[in-house]
Amino acid sequence: MPVVLVANPKGGSGKSTIATHIAGHFANQGHPVMLGDVDRQQSSRLWLSLRPPQVAPIRSWEAQGEGSVVRPPPGTTHAVLDTPAGLHGWRFKEVLALADKVVVPVQPSLFDIFATREFLDRLAERLSGKRVPRIGLVGMRVGLRTLAAERLREFAAQVEMPLVTELRETQNYVQVAAHGLTLFDLSPSRYERDMAQWAPLIEWLES
Ligand SMILES: Nc1ncnc2c1ncn2[C@@H]1O[C@H](COP(=O)(O)OP(=O)(O)OP(=O)(O)O)[C@@H](O)[C@H]1O
Ligand SMILES: [Mg+2]
């Protein structure tokens, strides 16, 4: 069962936006998909509560038990787990143990890159000698021909991680989130530029 974990301890890096969109993609492909949240703010759960009944369904995965993180029920074929800023310690260890793929959103700023580097170092420590999930970076709010984007690409090369795709800054994400939707729930022709940016990530997730 593929569990996609979306993580970066840096606040506001785009975790919930990416987690909801990955779930939205799977749902629109007709897969039974569960979206979980170990965030105390329960952003993804709130988003699910706004989701209209007529669009592709996404089930809630109550991953946050009182104690340990709860695995998705047996038979789940697609599960996505959103995580909060600052996740660390035993809870981070637990969610990591569930993950087949880890998507790390990172914004092209010095501070975000710095925090992400620390996170990746910790991740490598935690994973040494263990079953290793595939890790992919996703540039978030990236202006294509900017110096900041260049720095982000250099960073990915330095840490030897794939920069799977770069998503631009657009209010499209803000607008659809307010209605419990993803770009995948709406007409693809309306969001051609964004769909083209998502394509490599979808391919990576499905590979
Ligand atoms: N590519 C983008 N373009 C424009 N706005 C974006 C983009 N990605 C995310 N946002 C907006 O930025 C804000 C933060 O994004 P999001 O909630 O996904 O981050 P997060 O990493 O989940 O934050 P937290 O660490 O608080 O959980 C949200 O209002 C979201 O709509
Ligand atoms: Mg969030």
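Laid out as a table, the results:
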item	result
Test: residue in region 32-39 that is surrounded by fewer than 18 Cβ atoms within 10 Å (Cβ to Cβ) and touching a residue at least 12 places away in the same chain (Cβ under 8 Å)	yes
Exclusive hit being over 16 Å from residue 14 (Cα atoms), open to solvent by 50 Å² or more (accessible area, probe 1.4 Å) and among the hydrophobic types (A, V, I, L, M, F, W, C), set 178, 148, 124, 156	124
Residue match in region 132-143 (condition: free of Cβ contacts under 8 Å to residues at least 24 places away in the same chain and in contact with a strand residue (DSSP E or B) (Cβ under 8 Å, 6 or more places away or on another chain))	no
Scan of region 15-31 for residues that are more than 15 Å from ligand 1 (Cβ to nearest atom) and open to solvent by 20 Å² or more (accessible area, probe 1.4 Å), ordered by number	28, 29, 30, 31
Qualifying residue in region 47-70 (condition: touching a residue at least 60 places away in the same chain (Cβ under 8 Å) and of a type in the set (Phe, Trp, Tyr))	yes
Filter result for the condition that a residue is over 22 Å from residue 10 (Cα atoms) and crowded, with 19+ Cβ neighbours inside 10 Å, over 205, 167	205
Restricting region 112-121 to residues that are free of Cβ contacts under 8 Å to residues at least 60 places away in the same chain and either aromatic (Phe, Trp, Tyr) or open to solvent by less than 30 Å² (accessible area, probe 1.4 Å) (or both), the residue that is nearest to residue 147 (Cα to Cα)	113
Matching residues in region 2-14 - criterion: being closer than 14 Å to residue 201 by Cβ and near ligand 1 (Cβ under 7 Å from one of its atoms)	14
Members of region 186-196 that are in contact (Cβ under 8 Å) with a residue 24 or more places away in the chain and open to solvent by 30 Å² or more (accessible area, probe 1.4 Å)	193
Residue identified as more than 14 Å from residue 6 (Cα to Cα) and either surrounded by 12 or more Cβ atoms within 10 Å (Cβ to Cβ) or modelled with pLDDT of 85 or more (or both) among 44, 49, 68	49
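The values are calculated or read from the model by the stated rules, or taken from the named source; none is laboratory data. Everything quoted here is computed from the prediction, not taken from an experiment. Neighbour counts are summed over all protein chains in view; Cβ atoms, including those assigned to glycine, are modelled from backbone coordinates with ideal geometry. In case anyone asks, the SASA skips ligands and DNA or RNA and just uses the protein heavy atoms, side chains included. Shrake-Rupley method; radii C 1.70, N 1.55, O 1.52, S 1.80 Å.
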